Structure formats: structure tokens, C-alpha cells
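First comes the structure, then the notes that go with it.
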Amino acid sequence: MTKRTSAKYKIDRRMGENIWGRPKSPLNRREYGPGQHGQRRKGKLSDFGLQLRAKQKLKGYYGDMTEKQFRRIYAEAERIKGDTGENLIGLLERRLDAVVYRAKFVATVFAARQFVNHGHVLVNGKRVNIPSYRVKEGDVIEVREKSKQMAALLEAVALPERDVPDYVEADHSKMTVTFVRTPGLGDVPYPVVMEPNLVIEYYAQN
């Protein structure tokens, strides 16, 4: 299991944006960064700084995955034909924990990783407990029978602040979701602007 290297609220404050669009984000109350000098760090970012921040924001959004994991996904996106930035978003959205989050089975990306890790999810009828497992178009993801009445699951489904995007089809009465198609950047309901083009520039130069 990937160790979360920093508190999720600190990620919001470090980025200066409410990257998950959560009502409880501290940015709704204070817009400066964490720590003793957070209020002073408001300088103009260099090109490198903008690229680094774009990478940290995208990496943080998907549960603050490790640099090694993220770089591996980038390398794969680069090998696939087409736009590398769009490929990167598509690969990230095909992660099992991302699909579980998109289906609103859980309230946060971090909870999605834990939910999958604890064995609550079936893919095409088989139990899968690897959050980074990559789903394919047409795959059916289901909450296993024993887990369907979990309080956290029922609360997440009822949350009004997120809609299920059209590239997944969720049936909350059966607690199933079908991965319909791989999305592009414009399809993904990010609460903030993501800039995969800057992520590509960052890796091209580093």
C-alpha cells in the first residue's frame, strides 16, 4: 500500500487551490500555504515552478501517489500514440481507485484507495485489491455483497457535491459501475484547472 506522504489538507494549501472541491478544505477559510511562512510565499513562479506545480497538483489529486509511480504512468502515456497529455489523463482515470471515486462509492480519492485495498471491490466478478489496477472499457466494477450496507458507502452515494461523469455508468441501487470509455482532459470533472501539457514539459526537461 502506498504511504501517504503528506496530509491531504496540506496539499490543498501548498497548491493554493481546493483541488478536490471539498466543502471542508481549509482554503475555504484561509488562502495561504501551510507552515510558519505560508503567508509570505506569494512570489511569481518561474516556468519550472509552474511545471512543477502542475505535476504536484495532478499527482496530489490522485491520492498523492509516489514520484516513481507517477513517472511510470507518464512514460507509458508517452509510448501510446496520440497526445501525451490526454493519454496521461486517460491512464490516471483508468485506475481502479479513480473509477471507485468517480462512481461516488467513497467521499475522497484517499478513501477509494483504502476501499479497494480492503477488498470491498469486484472487477468482472473477481475480487481486486490493487488500487492501481487498470480497468478496461466495458469492465463492470461492483461493491461486494458484504460491503453494500457500509455507512461510509451509503453516505458517499448521497453526497450532493459531486456528479458521476458520463464515461462511467453507475447504478447505486446495485452498487455497480461500468467503465464506458477512456476520457480525455475535457471529460474529467476536475474542480480546478489541470495542465497536463505543463507536466509533459516538466518531464521533457528533467
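The values are calculated or read from the model by the stated rules, or taken from the named source; none is laboratory data. Note that the coordinates shown come from a computational prediction; the quantities given were computed from them, not determined experimentally. Every residue, glycine among them, receives a Cβ derived from its backbone with ideal geometry; neighbour counts consider all protein chains shown. Just so you know, the surface numbers come from the protein's heavy atoms only, side chains and all, with ligands and any DNA or RNA stripped out. Shrake-Rupley method; radii C 1.70, N 1.55, O 1.52, S 1.80 Å.
Tally up the residues in the range 55-82 that are outside any helix (DSSP H, G or I) and among the acidic types (Asp, Glu), please.
Of the residues in that region, 1 qualify.
Residue 172 passes all but one of (1) free of Cβ contacts under 8 Å to residues at least 60 places away in the same chain; (2) more than 28 Å from residue 66 (Cβ to Cβ); (3) surrounded by fewer than 19 Cβ atoms within 10 Å (Cβ to Cβ); which number fails?
Among (1) free of Cβ contacts under 8 Å to residues at least 60 places away in the same chain; (2) more than 28 Å from residue 66 (Cβ to Cβ); (3) surrounded by fewer than 19 Cβ atoms within 10 Å (Cβ to Cβ), residue 172 violates only (1).
Have a look at 107, 112, 77 and point out the one that is open to solvent by 20 Å² or more (accessible area, probe 1.4 Å) and of a type in the set (A, V, I, L, M, F, W, C).
Answer to the check: 107.
Would you check if residue 48 is modelled with pLDDT of 90 or more, open to solvent by less than 10 Å² (accessible area, probe 1.4 Å) and over 23 Å from residue 165 (Cα atoms)? Quick ask: steps written out before the conclusion?
Details: modelled with pLDDT of 90 or more: yes; open to solvent by less than 10 Å² (accessible area, probe 1.4 Å): no; over 23 Å from residue 165 (Cα atoms): yes.
Considered against the rule, which asks whether it is modelled with pLDDT of 90 or more, open to solvent by less than 10 Å² (accessible area, probe 1.4 Å) and over 23 Å from residue 165 (Cα atoms), residue 48 comes out as no.
Read through the list (1) surrounded by fewer than 18 Cβ atoms within 10 Å (Cβ to Cβ); (2) of a type in the set (Phe, Trp, Tyr); (3) under 17 Å from residue 105 (Cβ atoms), then give the number of the only condition that residue 179 fails.
That leaves (1) as the condition not met.
Of all residues in the range 129-161 being polar (S, T, N, Q) and out of contact with any Lys or Arg (no Cβ under 7 Å at 6 or more places or on another chain), which is surrounded by the most Cβ atoms within 10 Å (Cβ to Cβ)?
Ranking the candidates gives 147 first.
Which ones in the range 161-206 are within 17 Å of the chain's Cα centre (by Cα) and among the small types (Gly, Ala, Ser)?
184, 186
Let me spell it out: the conditions are (1) in contact with a helix residue (DSSP H, G or I) (Cβ under 9 Å, 6 or more places away or on another chain); (2) loosely packed, with under 15 Cβ neighbours inside 10 Å; (3) aliphatic (A, V, I, L, M), and residue 88 meets all of them except one. Which number is the exception?
Among (1) in contact with a helix residue (DSSP H, G or I) (Cβ under 9 Å, 6 or more places away or on another chain); (2) loosely packed, with under 15 Cβ neighbours inside 10 Å; (3) aliphatic (A, V, I, L, M), the lone unmet condition for residue 88 is (2).
Helices (runs of 4 or more DSSP H) wholly in the range 96-197 with at least 3 residues that are in contact with a Gly (Cβ under 8 Å, 6 or more places away or on another chain) - which ones?
Hits in the range 96-197: 109-117.
If you scan the range 56-113, which residues turn out to be within 12 Å of the chain's Cα centre (by Cα) and basic (Lys, Arg)?
Across the range 56-113, the qualifying residues are 57, 59, 94, 95, 102, 113.
What is the one condition in (1) out of contact with any Leu (no Cβ under 9 Å at 6 or more places or on another chain); (2) closer than 27 Å to residue 82 by Cβ that residue 196 does not satisfy?
All conditions are met except number (1).
Would you please list the contacts, defined by Cβ atoms under 8 Å and residues six or more apart or on different chains, that run from a residue in the range 129-149 that is more than 15 Å from residue 97 (Cβ to Cβ) and modelled with pLDDT of 95 or more to a residue that is open to solvent by 80 Å² or more (accessible area, probe 1.4 Å) and not basic (Lys, Arg)?
Once the first residue is more than 15 Å from residue 97 (Cβ to Cβ) and modelled with pLDDT of 95 or more and sits in the range 129-149, its partners that are open to solvent by 80 Å² or more (accessible area, probe 1.4 Å) and not basic (Lys, Arg) give 140/124.
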